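K.L.:
One structure follows; several queries about it will come next.
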Amino acid sequence: MHRAKFLPFGAASVFVKGGAAMHRIKSLFLTLLCAGMILGAGYLVIVKSGQKVLERERILEESMYEDTSSNIFYGKIEEDIELFPWSYYPQDNTAENIGDFPKFQAMGIEEWDEEVEAEVKEAQDWYLYQMIGCQSGMSAEEVWELYHNSQKSIMDSMIRVDNSPFGPVTIYFYQDTMQLGEQQYQIRIACSDWNIISFNCFKYRDGQERDREAWAEGKEKLVGILEKSEEQFAEYYKYMLLLRDQDLLVTYDKGISTYLQSLYWLEAIMAGKEYGSDYISDDIRIMMEDWMPVSSEKGNVNMSDGGSETETVVDAKSSYSYQIVDLKDMILLLMQGEETLGIFYDPMEQRFCGYNFFYEY
């Protein structure tokens, strides 16, 4: 028979208290462990999710806006959007020609009749045929013959639009696809009453999948041209803005139309040649020398407030930035200084194919 062994009363009390303390410690430890596991798991989920979001943002940023540590930047527009002034072209198939047309070669004509109107139309058609011929490798006579044989003309095909940001000033549009030689060309022209706002003539590739390798090669060539020809582009920029603001006549200089001069100038830049005084008159050269870009003390153009007391004249090379924007069918080169000038570039053909004026309101 075993005797029961009893602990002294004080010892039993200590044992009970010690067991309770151990139980509380275990509970606290388990609670902290569970909380730590929950917090740790939550932290990992948040961190991983954050990393993926940041990675996605970084990829988006790199594809949309890549800095080359220079004044050349990159962008991409996936959607088939329309740029000014084409954003004001009627897209609901309601546009129609009402017999009106721009009169950018009619300045100084005081008496207007049917005979004068026919002469102005013919002169302006010829003016544009020269530009189309320059882009397509054909002579103006050959382009004229194609239009004549098809019994149509650009002036008679213009679409008039009044609801534009110009207010009372009208915009005229022409777009068509023409067979020029062995290749089809997309032609898009927009005019105000006294100016040619946008001109673009490029090889039409409807339904053809983009050759990414050729596109990338053409884009790389454009970057190289920009890096080597900044002074030439600065001169071209001055010329185009003076032409846009009608400080230069739209008509002719040295026997060549002033807008055709701009296309020849782009060809010279692409070929690495200078388009100098042999092609442009002294009067135009003097006007270009008098026109200087205005920028802030740091040399970066102030686009927001239109001027301030701290603005100074700076070297043209530091006053322009370029943004290469991939459009659906071509590249839009945005040359940005005091104003923005758009230049169209066909990377597949590795040549410039027109220009686009932008107006700020």
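Values in this text are rule-based calculations from the coordinates and carry no lab data. The shown structure was predicted, so the numbers you read here are calculated from the model rather than taken from an experiment. Heads up, the Cβs are rebuilt from the backbone with ideal geometry, glycines too, and the neighbour counts pull from every protein chain shown.
K.L.:
What is the spin-label model distance, in nm, from Asp162 to Arg210 if the labels are put 7 Å beyond Cα along the C-beta direction?
P.N.:
4.0
K.L.:
Using Stokes-Einstein with the Kirkwood hydrodynamic radius over Cα pairs, what translational diffusion coefficient do you get for region 104-184 at 37 °C and a viscosity of 0.692 mPa s, in µm²/s rounded to a whole number? Don't jump to the answer; show the numbers that get you there.
P.N.:
Working: Rh = 14.3 Å.
D = 230 µm²/s.
K.L.:
Counting other beta carbons within 10 Å of each Cβ, put Tyr320, Tyr279 in order, fewest first. Provide the component values of the computation, followed by the final result.
P.N.:
On the way: Tyr320 20, Tyr279 15.
By the 10 Å Cβ count, ascending, the order reads Tyr279, Tyr320.
K.L.:
Normalised by the empirical 2.2 N^0.38 Å for globular proteins, what value does the Cα Rg of region 112-267 take?
P.N.:
Its radius of gyration relative to the 2.2 N^0.38 Å reference: 1.15.
K.L.:
For an R0 of 35 angstrom, estimate the FRET efficiency from the Cβ-Cβ distance between Glu231 and Glu122 and round to the nearest 0.05.
P.N.:
On the way: r = 39 Å, r/R0 = 1.11.
So, using R0 = 35 Å, E works out to roughly 0.35.
K.L.:
Mind checking the full-extension length gain between Glu82 and Met107? Use 0.36 nm per residue of separation minus the Cα-Cα distance, one decimal, nm.
P.N.:
Result: 5.9 nm gained on full extension.
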